[in-house]
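Undergrad: I'd like to ask you about the structure that follows.
The values are calculated or read from the model by the stated rules, or taken from the named source; none is laboratory data. Being a predicted model, the structure only gives us computed values, none of them experimental. Don't worry about glycine lacking a Cβ; one is built from the backbone with ideal geometry, like all the others, and counts go over all protein chains shown.
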Amino acid sequence: MGIFVVNMLSFEFPYLYINPYDWFKAGDQTVAAWIQVFFQSSFYPVFSLLFGYGLMFQKQRAEKAGANFFRFAFRRLTVLLVFSLVHAFLIWSGDILAAYAVFGMILLPFLKLDGKVLIYAGAVLFFVPHLLSSLYLMVMALEFPNTSVLYADLKNVTDSLQVYGSGSYMDITKRRFLDWYHVYGPPGGWNAFFSIFPLMMAGAGICGENWLQDGRITMKKWLLFFFVCFASGLFCKLLPILAAANVPFMYIQQTIGGTLLSGAYIALVMLAVQLPHAKLFLNPVAKAGRMPLSIYIGQSVIGTMIFYAYGLGLYGKLSVTVGMGLTVLIYLIQMMLADMWLLRFRYGPLEWIWRILSYGKKP
């Protein structure tokens, strides 16, 4: 749900090229600002950790079964990469699965390391580059103030509005590639690497150390972790609003702040699952979580069909508030459909195809 909230802004607007703090009208500006604070860059860290955790968990299971994990994992990640490239270039350019697939392949040999080594190495690899980059941007802002000004890339904004709003499918496909390259081409690719790969390492280490099993972390520790991450993460995330909406504070907000706040969200979930009757409320979300690939790509299909020219053509025409209403409605429908689907099948439709191509046989 959290990732869908952020993605909806990109389905609906040329969000990649605007300054989110001065682009929208008054009411929408407030909604967009709080999305920046509580959602933007605060959910991909969770999935990065989970992705690494899942790879280590699969490795442990394979070793117990005497299977060759690394060959299977590489094949599985290759299939995911194919899915992701189709998604990125034929459906929506904001795909993050390609990064997960490639960085997951890079992570495979590191899974042989001790869990604590993975956790500490991941923390260093994440925080050191981002802290140094933040320091550099702040120094540049002091020495050359013009370099720190946030602005809208009007050419790309205009081109996006025209192509996505009224262009042909081929025009939109070409635009998708330009938008994708803007994020994952140099230097964006390096930023993606240092934002995702270290968290995958940490997630694998957490699994290796069994931190989330057998109640090793008490509710008091989770509560402390929540308050520390929430306070520090919220401080970083609020910098563009309370101090100045400039490049260094936006960078801190989206890298360090987003990841710290994601830690608070993880702690909140771990606290919630220990409460009485928690399963009653979390079960529908858990059902959707059992078919994440189908849910994620399904959201892209629905979002682009609503806003792109080959669908309803509403790109740039609805408000942020209406977009958020659509987000909630679509996700609720997806949860209900997931519940109905899993009553009859073990896997989501895309998960089923993924397993067939990974294992070479029907599950």
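Undergrad: Read through the list (1) in a helix (DSSP H, G or I); (2) loosely packed, with under 13 Cβ neighbours inside 10 Å, then give the number of the only condition that Y151 fails.
TA: (1)
Undergrad: Moving on. I'm checking my understanding of the structure. Among residues of segment 68-81 that are closer than 29 Å to D179 by Cβ and without any contact (Cβ under 8 Å) to a residue 40 or more places away in the chain, which one is surrounded by the most Cβ atoms within 10 Å (Cβ to Cβ)?
TA: L77
Undergrad: What are the residues in segment 7-47 that are farther than 21 Å from F177 by Cβ and of a type in the set (V, I, T), if any?
TA: Across segment 7-47, the qualifying residues are T30, V31, I35, V37, V46.
Undergrad: Would you check which residues across segment 36-67 are hydrophobic (A, V, I, L, M, F, W, C), surrounded by 19 or more Cβ atoms within 10 Å (Cβ to Cβ) and not in a helix (DSSP H, G or I) and list them?
TA: F39, F43
Undergrad: Could you list, in sequence order, all residues of segment 1-23 that are surrounded by fewer than 19 Cβ atoms within 10 Å (Cβ to Cβ) and part of a loop (DSSP other than H, G, I, E, B)?
TA: M1, N19, Y21, D22, W23
So that you can scan it fast, the table gives a plain yes or no per residue for (1) over 22 Å from H87 (Cβ atoms); (2) touching a residue at least 60 places away in the same chain (Cβ under 8 Å); (3) part of a helix (DSSP H, G or I):
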| position | (1), (2), (3) |
| --- | --- |
| I172 | no, yes, yes |
| K221 | yes, no, yes |
| L224 | yes, no, yes |
| P248 | yes, yes, yes |
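Undergrad: From L329, L343, which residue is loosely packed, with under 13 Cβ neighbours inside 10 Å, modelled with pLDDT of 95 or more and part of a helix (DSSP H, G or I)?
TA: Only one candidate passes the filter, namely L329.
Undergrad: Does F197 count as touching a Leu at 6+ places or on another chain (Cβ under 8 Å) and part of a helix (DSSP H, G or I)?
TA: yes
Undergrad: Do any residues in segment 141-164 that are closer than 22 Å to Y251 by Cβ and in contact (Cβ under 8 Å) with a residue 24 or more places away in the chain have Cβ atoms under 6 Å from those of residues that are in a helix (DSSP H, G or I) and β-branched (V, I, T), where the two are at least six apart or on different chains, and which pairs are they?
TA: Matching pairs, first to second residue: S148/V247.
Undergrad: Taking into account only those residues within segment 346-356 that are surrounded by 15 or more Cβ atoms within 10 Å (Cβ to Cβ) and in contact (Cβ under 8 Å) with a residue 12 or more places away in the chain, which is nearest to L80 (Cα to Cα)?
TA: Per the criteria, the residue is W354.
Undergrad: Report whether or not W211 is outside any loop (DSSP other than H, G, I, E, B) and of a type outside the set (D, E).
TA: So W211 fails the test.
Undergrad: Within the group L318, L326, which residue is more than 23 Å from the chain's Cα centre (by Cα) and of a type outside the set (F, W, Y)?
TA: Step by step, each of L318, L326 is checked, and only L318 is more than 23 Å from the chain's Cα centre (by Cα) and of a type outside the set (F, W, Y).
Undergrad: Need the failing condition index for F281 against (1) at pLDDT below 95; (2) among the aromatic types (F, W, Y); (3) not in a helix (DSSP H, G or I), just the number.
TA: (3)
Undergrad: Just for segment 179-193: of the residues that are closer than 16 Å to P14 by Cβ and touching a residue at least 60 places away in the same chain (Cβ under 8 Å), which one is surrounded by the fewest Cβ atoms within 10 Å (Cβ to Cβ)?
TA: H182
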